[in-house]
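Student: Can you keep this structure in mind? I'll have questions shortly.
The values are calculated or read from the model by the stated rules, or taken from the named source; none is laboratory data. Every value quoted in this text rests on a predicted model; they were computed, and no experiment measured them. Cβ placement follows ideal geometry from the backbone for every residue including glycine, while neighbour counts extend to all protein chains displayed.
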Amino acid sequence: MAEACPPEAPLEMPEQPFSRKRAFPEGVQKSFYWRKVFLVFGALAITVWLGWLMFRVLNVMGLTHLEWGLLALFIINIAWISFAFVSACAGFWVSLMRERRPASIAPEALTGRTAILFPVYNESVRDVFATVEATAHALAKIAPGRFECFILSDTVSAPTALEEESGFLNLFSGAVSDCPVYYRRRTINVARKSGNIHDFVSRWGGRYEHFLIFDADSYMSAETLVEMAARMESDPRLGLLQTVPKLIGGTSLFARVQQFAAAVYGPVLGRGIAWWSQNEGNYWGHNAIIRTKAFAEAAGLPVLPGRAPFGGHIMSHDFVEAALLRRAGWKVRIAADLNGSYEEGPQTIIDLTIRDRRWCQGNLQHSAVLARARGITGTNRLHFMIGIFSYLASPLWMVLILVGMALSLQNRFLKPEYFSTDPSLTPRWPVIDPALALSVFGFTMAVLLLPKLFGAIVGVVKAKRWTSRLLILPGVLLETLVSALIAPILMVAQTASVVSIVTGRDSGWTPQKRGSDGYRFVDVARRHAVTTVFGIVLTYAAWRISPVFAAWLAPATLGMVLAIPLSWSLGRDMSLSDPLARMLSTREARHPPACFTEALSARAHYDGLAPANLRYLIESDEAAFRSHIGLVDRKWPLDDSEVHIPLATASAKLDRLDDLDAFLGALGPKEEMAVLNSVETVERARARYQPASQTALA
């Protein structure tokens, strides 16, 4: 029978109050603060300069109230763009310099044990378990005995849970002892993913010096995993090391556009963030290695007061955990120089917006963390603010467009104000300086687009083949065009998400859709109908004001008007031989890494899974039943006075119903899952619905 879990090695992980002050131990390495000063003052300088130019554009004959509002919104938005631009400038400089990688140790010199964690929630068993298998086999070859894989299931669907059990038994039959694989499915999903990791650390954390987290669509090379563990062992104050994953596995045009952008611009942006954040880096929830002791003693998350979406358990826990680790004096670094870290991205705009809704709520919830947390470093607060503003930027741009339209409407239709409070012999016309406005537009576009050029330059310089260099520029032009078209669609979606969250709607906890889209045209049309109508209304209103104004607004409205055909066409699968796909091809697309191809090959091992169902477990022989109970977690995180309502309800139905069909038909999804997670309840069902001779345990 498969050994589901190793012996527990408890490690206390207390909750860390936000009121606690910073407590850096002596000898903690500080960062170079001049880098943060350069970043902030560089962004401020650009913001002030462009803000002053915009003021001159509007202040031809004094500013009206609408013009003051337009100026304020412009300054807020340009500050965000300027910050990203200065960070990209730093990343561009670092990328062109010779990289100084820390000295690493050979795999056989590793002394600690590292757990590779695979948190899953109703995910594809075939895809995830194949990745686990490929990762375990690769690690067993390169660093035998140094790594162990742990599938941490939070699945709440009984059919998927039983498929996971079948998949684990299949995986276990081909496992290697030099990198064992374990499986634990929680009975109650407290605190979502952060609670899943907390349960692992508090029960098995003492067994591992480090743990490394995969997402359900993560892939990492064994060499990179070993290198990360080596860096942790060589620096005892390093608490967390985050890689910059590249996107891989995209088959639609939309996914290939994202994949190209991540490959060309991602390294520059990642190196920029790593340069200025230094020991106050960030954590993105996966493809990162963490020191177990540091995480246990410093990163236990408190529960925010109030109800969701702003209160309750912290959704985007990763940012907060990184900040708490640094508050306790641990280094949190971004390893922008490490290759071999990958993840899959959404295949369609719809999938991206669904995922974005959950991320939006998690990032906006950080405003409550900022208001309560003490001792958090200024750099970590900056990470929080970047995350928050990445979603607030969309409604701010939306309001900026509407205010600009109102101002143009005022210029076109309203009469001048002859009698204002200021003494004047001439009427006050709300006018602007068109020539200077064109200059401001040009400078703004330069600040927005130059980071793409930086990535293209680095790509050309670093490319080893001339064919790769020649493909970069056409790819950048195509990616920029597609991104410009879909940006308004995402702006509307993010604005709707922000409004929804601010008005108190919780996004809940739904699994992310992986793989190809499968959306029908009618589904796409229904999803983007509001965006399309809004774009048509804006275009018509702009045209009524002035055809010239409509042309100026076209970059923002065209994508909205074409949202339905754009979303549908970008979501179609596209072969790498297609001309557009070739323009967007990346090295990983042309020559996929072994960690990805081996995982894809291993999926065939799980095509023939034949999972049981609850009826089978109740009616099966003792051997099949024992295989199931060997994989059931016996821990129910309940106080003595607490009752798990679905389990209690299922137990009551079991007592009342004499027929197995009636019992199974009476169970709801939550009750069925509770029975599946309770060995005692399944044993009672076997005793009730089978002869005693068939259910007696040896």
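Student: Against the definition (modelled with pLDDT under 95, of a type outside the set (A, V, I, L, M, F, W, C) and in contact with a Leu (Cβ under 7 Å, 6 or more places away or on another chain)), how does GLY475 come out, yes or no?
Tutor: yes
Student: What are the residues in the stretch 300-316 that are under 19 Å from GLU12 (Cα atoms) and buried (at least 20 other Cβ atoms within 10 Å of the Cβ), if any?
Tutor: LEU301
Student: Which of (1) touching a residue at least 12 places away in the same chain (Cβ under 8 Å); (2) in contact with a helix residue (DSSP H, G or I) (Cβ under 6 Å, 6 or more places away or on another chain); (3) more than 30 Å from LEU171 (Cα to Cα) is the odd one out, the single condition ARG688 does not satisfy?
Tutor: Every condition holds for ARG688 apart from (2).
Student: Within the stretch 580-698, considering only helices (runs of 4 or more DSSP H) that don't extend past its boundaries, which have at least 2 residues that are on the phi < 0 side of the Ramachandran plot and under 35 Å from the mean Cα position of the chain (by Cα)?
Tutor: So the answer is 587-590, 594-602, 622-629, 645-656, 669-676.
Student: Could I ask something else about it? Would you call GLY239 surrounded by 23 or more Cβ atoms within 10 Å (Cβ to Cβ) and touching a residue at least 24 places away in the same chain (Cβ under 8 Å)?
Tutor: yes
Student: Which of the residues that make up the stretch 174-188 are touching a helix residue (DSSP H, G or I) at 6+ places or on another chain (Cβ under 7 Å), over 17 Å from THR131 (Cβ atoms) and in a loop (DSSP other than H, G, I, E, B)?
Tutor: If the condition is that a residue be touching a helix residue (DSSP H, G or I) at 6+ places or on another chain (Cβ under 7 Å), over 17 Å from THR131 (Cβ atoms) and in a loop (DSSP other than H, G, I, E, B), then ASP178, ARG186 are the ones that fit.
Student: Within the stretch 176-189, work out how many residues are touching a strand residue (DSSP E or B) at 6+ places or on another chain (Cβ under 8 Å) and either closer than 24 Å to VAL679 by Cβ or not assigned by TED's automatic domain parsing to the domain that holds ALA230 (or both).
Tutor: The qualifying residues number 7.
Student: Then there's this: Return only the number of the condition from (1) out of contact with any strand residue (DSSP E or B) (no Cβ under 6 Å at 6 or more places or on another chain); (2) more than 30 Å from PHE663 (Cβ to Cβ); (3) surrounded by 15 or more Cβ atoms within 10 Å (Cβ to Cβ) that PRO555 does not satisfy.
Tutor: (3)
Student: Next question. Considering the stretch 601-644 alone, what residues qualify as being of a type in the set (Val, Ile, Thr) and touching a helix residue (DSSP H, G or I) at 6+ places or on another chain (Cβ under 8 Å)?
Tutor: Listed by number, the residues that qualify are ILE618, ILE629, VAL632.
Student: Right, here's the next one. Would you check if ALA308 is out of contact with any Asp or Glu (no Cβ under 7 Å at 6 or more places or on another chain), in the same structural domain as THR135 (by TED's automatic domain parsing) and of a type outside the set (Asp, Glu)?
Tutor: It is false that ALA308 is out of contact with any Asp or Glu (no Cβ under 7 Å at 6 or more places or on another chain), in the same structural domain as THR135 (by TED's automatic domain parsing) and of a type outside the set (Asp, Glu).
Student: While we're on this one: If we scan the stretch 155-173, do we find a residue that is within 23 Å of ASP633 (Cα to Cα), assigned to a strand (DSSP E or B), over 25 Å from the mean Cα position of the chain (by Cα) and assigned by TED's automatic domain parsing to the domain that holds GLU343?
Tutor: Scanning the stretch 155-173 turns up no residue that is within 23 Å of ASP633 (Cα to Cα), assigned to a strand (DSSP E or B), over 25 Å from the mean Cα position of the chain (by Cα) and assigned by TED's automatic domain parsing to the domain that holds GLU343.
Results for (1) assigned to a strand (DSSP E or B); (2) aliphatic (A, V, I, L, M); (3) without any contact (Cβ under 8 Å) to a residue 40 or more places away in the chain, shown as yes or no for each residue.
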{"position": "VAL332", "(1), (2), (3)": "yes, yes, no"}
{"position": "ASP337", "(1), (2), (3)": "no, no, no"}
{"position": "TYR342", "(1), (2), (3)": "yes, no, no"}
{"position": "GLY345", "(1), (2), (3)": "no, no, no"}
{"position": "LEU352", "(1), (2), (3)": "no, yes, no"}
{"position": "ASP356", "(1), (2), (3)": "no, no, no"}
{"position": "GLN361", "(1), (2), (3)": "no, no, no"}
{"position": "SER367", "(1), (2), (3)": "no, no, no"}
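Student: Additional query: Need pairs with beta-carbon distance below 8 Å; first residue charged (D, E, K, R) and within the stretch 666-681, second part of a loop (DSSP other than H, G, I, E, B); sequence gap 6+ or separate chains.
Tutor: Pairs that qualify, where the first residue is charged (D, E, K, R) and the partner is part of a loop (DSSP other than H, G, I, E, B), are LYS670/VAL156.
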